[in-house]
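Okay, so here's the structure we're looking at.
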Amino acid sequence: MRLAAIFLAASCLAGAGAAYAADPIPVKIGVLNDQSSLYADLGGQGSVWAAKKAIEDFGAAAKGLKVDVIFADHQNKADVGTSVARQWYDVDGVDAIVDTPNSGVALAVSGVTKEKNKVFINSGAATSDLTGKACTPNTVHWTYDTWALANGTGKAIVKTGGNTWFFLTADYAFGHALERDTEAVVVANGGKVLGKVRVPLNNADFSSFLLQAQSSKAKIIGLANAGGDTINSIKQAAEYGIVAGGQNLAGLLIFLTDVHSLGLKTAQGLNLTAAWYWDQTDANRKFADEFAKANGGKRPTMVQAGVYSGVLHYLKAVEALKSAKDGAAVVAEMKKIPTDDPLFGKGEVRADGRHIHPMYLYQVKTPAESKGPWDYYTLKATIPANEAFRPLSESDCPLVKKG
Amino acid sequence: MFELLGIPPQALFGQLLLGLINGAFYAMLSLGLAVIFGLLNVINFTHGAQYMMGAFGAWMLLNYLGIPFWGALVLSPLVVAVIGMVIERTLLRRLYHLDHLYGLLLTFGLALIIEGLFRRQYGSSGLPYDNPLPGGTNLGFMFLPNYRGFVVVASLVVCLATWYVIERTKLGSYLRAATERPDLVQAFGIDVPRMITLTYGFGVGLAALAGVLAAPAYQVSPTMGSNLIIIVFAVVVIGGMGSIMGAIVTGFGLGVIEGLTKVFYPEASSTVIFVIMAIVLMVKPAGLFGTAK
């Protein structure tokens, strides 16, 4: 360490002036997500690829940034997530952590990031608390959140007559937030919640819960869960004849990989809200083709696209500041410059750290409509950027109240 | 008459039946573990991975060879059992003279490797597998999917047949004798090493069979086994390590208890089995059906 410092000082003296432009600004990005369990397909190595792709497309080297990417598995455990984050910030010199699905882990990492004054760009987690009561000057929430999901799918369903609900809720921060935000939308639009059941994370058998939902006679069974839990609930709902019996499922958070895993035969007709779909624009398709080439033919999820877009914007801010060291300053810069990239288009990062962009309502295609693997969604409606996310006037984020 | 905590008896019957269905999976898996532990003294941590391989086997047979569920029900466990026997012959066998712990570590390592390979190839979110018996029967108190009914019956038959063979036939008596005194049994001209290999294959085949049965009901994913195996170990510990009947009875019993927890206090449904395990270990350390050595 001391040797390095001497060298650094020496090089500064020797290079004074001349070396100024040539010394690249070091930036280290850590992709912290689920690499091995239920959320690994929707983020995982695909998110690492997306971060690297963003650095490449940004032309970091040519712009005088030397960007490194490392990654780790948080195993969906908040304690593992925080200890990796501390290790990265304290020892490994990481400047920003990206992705981090699992709301529980994300909230914990957001806290550590603030304490160390670094940057946290979240794409994978859902809880709207990240830009609500738990917002920090160091966290940006990029892709989607529970408020946006509830506002998309929840509102659309209540408006078409689905006015009584029963929730199957994943029993942790994410499920609770999604249930809370959806319930608010349902009630605000004249609907009623008849019951709810809190299901432990990573539960294999949903029959008992589905039976409870069935006997509640609610028109809509809201699935406030994600990943494997959603897949198992939908699969088993078909088995128990839930939809045939006149009740409908509302998957409040469904990823492209979930639909792939369910198969169209089971998933057809589901309505869902998402921030991004690969087969929507030419730019998206181009990104998806490159992604598929590097990831065994898979198509990227909105989470992976969000990592790309978020890292790109982060690098712009670092370039403008010529340093990645002061996390709060970088995030302030990210809020200052408008966002603009091929995948999410033009938008902004709001005072509470929320990235604003349009959200989309999709319906899952029938097997007959689909042209093949990964051709899964039909666009039903676009929710414009100014309606897609929780308005600042309703925000309980302390950063907003001060300003 | 017996309205319980506001749950009408009809719903209660439904939940009891569901508990039995889940118990069927626990029973089959814990039975395989109990057989292997009873006869080989190996704590087979690969069991979850082998269950997963059974399910993936069914998927592969369908998608690569066009063999439907009913064929896979026989073929997939056979293939997985053969792979298991190869593992026994080449790896496990070398560890019999060492402490249990080495077998546990080896099988645990193998499980991680197998899961990792499947995850690398097929991703973590799983694959679709169609229900071979769609539709169901309305029993009045609940809608019973045909497939779930089939699972309970199939698993009961398999469990009881296994128990019968081991406890009531000549072959079973050889097996039990070989556990107690392998040297003596060998002296009577019985090929003990081959018997052990076949027993391991059988236990593994049971896991794979449970996996095939799980494929249409649950998500076919590389982690499906590791999520289940811990619960199944708890079942075996509660029933008494190595006790065949214990594994079957506690498997079904705990399925029912877990099912009821899902109604009364769903948040605890993933922990209730471990609470019971802790209590049983305190009161009867050898397990409910085990005999202290």
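The numbers here are math on the coordinates, done by the rules we state, and not lab data. Treat the numbers as computed from the prediction; the structure is a model and nothing was measured. Note that we place each Cβ from the backbone using ideal geometry, even for glycine, and neighbour counts take in every protein chain shown.
Please give me, ordered by residue number, the trypsin sites (Lys or Arg not before Pro) of segment A:93-201 that lie in loop per DSSP and have at most 11 other Cβ atoms within 10 Å. All intermediate terms of the calculation are to be shown ahead of the outcome.
Values: sites: A:114, A:116, A:118, A:133, A:155, A:159, A:180, A:192, A:196, A:198; in loops: A:116, A:118, A:133.
Listed in order of number, the matching sites are A:133.
Run the numbers on segment B:19-223 and let me know its relative contact order in percent, using alpha-carbon pairs under 8 Å that are six or more apart.
Across segment B:19-223, relative contact order equals 46 percent.
Counting only helical runs of four or more DSSP H residues, what would the 222 nm mean residue ellipticity of chain A come to if each run contributes -39,500 (n - 2.57) and the total is spread over all its residues?
Details: 16 runs with 165 residues, N = 403.
Rounded to the nearest 500, the figure is -12000 deg cm²/dmol.
Taking the Cα atoms only, what angle lies between the long axis of helix A:173-188 and the longest principal axis of chain A, rounded to 10 degrees?
Tilt relative to chain A: about 60 degrees.
Rounded to the nearest 500, what is chain B's calculated 222 nm mean residue ellipticity when only DSSP H runs of at least 4 contribute -39500 (n - 2.57) each, over all residues? Before the final figure, lay out the partial values.
Working: 11 runs with 208 residues, N = 293.
Result for chain B, helices only: -24000 deg cm²/dmol.
At what distance in angstrom do the alpha carbon centres of segment B:26-81 and segment B:84-139 lie from each other?
8 Å
Tabulate in residue order the Karplus-calculated ³J(HN,Hα) for segment A:32-43, using 6.51 cos²θ - 1.76 cosθ + 1.60 with θ = phi - 60°, rounded to whole Hz; enter x for Gly and Pro.
Along segment A:32-43, the couplings run 10, 8, 7, 9, 9, 10, 5, 9, 5, 6, 7, x Hz.
Taking amide H positions as placed in the peptide plane 1.01 Å from N, state which residues far from residue A:383 in sequence (5 or more) or on other chains have amide H under 5 Å from it.
A:359, A:360, A:361
Taking Cα centroids, how far is segment B:231-250 from segment B:152-172 in Å?
When both Cα centres are located, 15 Å separates them.
So who's got an amide H within less than 5 Å of the one on residue A:27, skipping anything under 5 residues away but keeping other chains? H placed 1.01 Å off N, in plane.
Result for residue A:27 returns A:66, A:67, A:68.
May I ask you to list the trypsin sites (Lys or Arg not before Pro) in segment A:210-248 that are in a DSSP loop and have at most 14 other Cβ atoms within 10 Å of their Cβ?
On the way: sites: A:217, A:219, A:235; in loops: A:217, A:219.
For trypsin sites (Lys or Arg not before Pro) across segment A:210-248 that sit outside H, G, I, E and B with at most 14 neighbouring Cβ atoms in 10 Å, the list reads A:217.
Rounding to the nearest 10 and keeping the result within 0 to 90°, find how far the Cα-based axis of helix A:302-321 lies from the longest principal axis of chain A.
30 degrees
Restricting to Cα pairs below 8 Å that are 6+ residues apart, what does the relative contact order work out to for chain A? Please round to a whole percent. Let's see the in-between values first.
Details: 834 pairs, mean separation 70.1, N = 403.
Reported relative contact order: 17 percent.
Among rounded, prolate and oblate, which fits chain A when a ≥ b ≥ c are the square roots of the eigenvalues of its C-alpha gyration tensor, a/c under 1.5 means rounded, and a/b larger than b/c means prolate?
On the way: a/c = 2.06, a/b = 1.85, b/c = 1.11.
Prolate is the answer for chain A, as a/c is 1.5 or above and a/b outweighs b/c.
Using Cβ counts within 10 Å as a stand-in for footprinting exposure, how do A:86, B:148 rank, fewest first?
Ascending Cβ contact count within 10 Å gives the list A:86, B:148.
Starting from the alpha-carbon convex hull of segment B:19-223, give the projected area averaged over all orientations, in nm². Mind showing how you got there, number by number?
Numbers: hull surface 50.2 nm².
The directionally averaged projection comes out at 12.5 nm².
What is the distance in Å between the Cα centroid of segment A:209-261 and that of segment A:106-185?
20 Å
Under the classification rounded if a/c is under 1.5, otherwise prolate if a/b is larger than b/c and oblate if not, where does segment A:334-403 fall, given a ≥ b ≥ c as square roots of the Cα gyration tensor eigenvalues? Let's see the in-between values first.
On the way: a/c = 3.88, a/b = 2.31, b/c = 1.68.
Since a/c reaches 1.5 and a/b is larger than b/c, the shape of segment A:334-403 is classed as prolate.
Helix check for chain B. Which DSSP H runs span at least 20 Å along their own axis by Cα, with a mean Kyte-Doolittle hydropathy no less than 0.0? Walk me through the numbers before you get to the answer.
Values: long enough: B:9-40 (44 Å, 1.64); B:47-65 (26 Å, 0.55); B:69-90 (31 Å, 1.68); B:100-122 (33 Å, 0.84); B:146-168 (32 Å, 1.08); B:192-214 (33 Å, 1.47); B:224-239 (23 Å, 2.50); B:244-264 (30 Å, 1.53).
Taking the DSSP H segments of chain B (at least 20 Å long, mean hydropathy at least 0.0), we get B:9-40, B:47-65, B:69-90, B:100-122, B:146-168, B:192-214, B:224-239, B:244-264.
What longest range of chain B stays clear of loop-exposed chymotrypsin sites (Phe, Trp or Tyr not before Pro) (DSSP non-H/G/I/E/B, at most 10 other C-beta within 10 angstrom)? Each step should come with its number before you reach the end.
Details: sites that count: B:2, B:188.
The longest uninterrupted stretch comes out as B:3-187.
Helix A:282-294 sits at what angle to the longest principal axis of chain A, using alpha carbons and giving 0 to 90 degrees rounded to 10?
80 degrees
With a 10 Å Cβ neighbour count serving as the proxy for reagent exposure, in which order, fewest first, do A:135, B:159 appear? Don't skip to the end; give the middle numbers.
On the way: A:135 26, B:159 23.
Ascending Cβ contact count within 10 Å gives the list B:159, A:135.
Enumerate by residue number the GluC sites (Glu not before Pro) in segment A:302-399 meeting two conditions: DSSP loop (anything except H, G, I, E, B), and at most 14 other Cβ atoms within 10 Å of the site's Cβ.
Values: sites: A:319, A:333, A:348, A:369, A:387, A:394; in loops: A:369.
Qualifying residues, ordered by number: A:369.
With viscosity set to 0.692 mPa s and temperature to 37 °C, compute the Stokes-Einstein D of the protein assembly as shown, Rh being the Kirkwood radius across alpha carbon pairs; µm²/s, no decimals.
Details: Rh = 27.0 Å.
Translational diffusion coefficient: 122 µm²/s.
Which aspartates and glutamates have a Cα less than 15 Å from the Cα of residue A:298, not counting those fewer than 8 places away in the same chain?
Within the straight-line limit of under 15 Å, residue A:298 reaches these aspartates and glutamates: A:41, A:258, A:279, A:289, A:290, A:375.
Whose amide H sits under 5 Å from the amide H of residue A:164, counting only residues 5 or more places off or on another chain, with H placed in the peptide plane?
A:192, A:219, A:220
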